[in-house]
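K.L.:
This is the structure I have questions about; it appears just below.
The values are calculated or read from the model by the stated rules, or taken from the named source; none is laboratory data. These numbers come from a predicted model, not from an experiment. Note that we place each Cβ from the backbone using ideal geometry, even for glycine, and neighbour counts take in every protein chain shown. SASA here: full protein model, heavy atoms, side chains in, ligands and nucleic acids out. Shrake-Rupley method; radii C 1.70, N 1.55, O 1.52, S 1.80 Å.
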Amino acid sequence: MSAEYDIAETLDVKGTSCPMPVVKTKGAIDDLAAGEILEVLATDSGSMSDIDGWAAGTEGVELVDQEEGDDVYKHYVRKTE
């Protein structure tokens, strides 16, 4: 089951742990245009709450969805402004 989003860019942070998934997500989202979606692939289970919390507290980004796979956690973050 895969979410159908118009992905502008995919960020692979597999193998990294807190805080790197959030740090790299922040860097990648800065490069996107408003409305574009960044797909983040992580293996750190903590990234679920970390990216959720970061997006909730950050102006200009919106966490669209998260998927918990067998080994990979997928996060979809939209740049809103």
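K.L.:
For segment 1-33, enumerate the residues that are part of a helix (DSSP H, G or I) and exposed (fewer than 15 other Cβ atoms within 10 Å of the Cβ).
P.N.:
Filtering segment 1-33 for residues part of a helix (DSSP H, G or I) gives 20-30.
If the condition is that a residue be part of a helix (DSSP H, G or I) and exposed (fewer than 15 other Cβ atoms within 10 Å of the Cβ), then 23, 27, 30 are the ones that fit.
K.L.:
Can you name the residue in segment 50-63 that is part of a strand (DSSP E or B) and more than 9 Å from the chain's Cα centre (by Cα) and, of all such residues, is surrounded by the most Cβ atoms within 10 Å (Cβ to Cβ)?
P.N.:
Just the residues of segment 50-63 that are part of a strand (DSSP E or B), to begin with: 61-63.
From the residues that got through so far, the ones that are more than 9 Å from the chain's Cα centre (by Cα) too are 61-62.
Numbers: 61: 22, 62: 14.
Among those residues, the one meeting the criterion is 61.
K.L.:
Also: In this structure, does residue 70 turn out to be open to solvent by 70 Å² or more (accessible area, probe 1.4 Å), of a type outside the set (A, V, I, L, M, F, W, C) and over 9 Å from the mean Cα position of the chain (by Cα)?
P.N.:
Numbers: open to solvent by 70 Å² or more (accessible area, probe 1.4 Å): yes; of a type outside the set (A, V, I, L, M, F, W, C): yes; over 9 Å from the mean Cα position of the chain (by Cα): yes.
Answer is yes for this residue.
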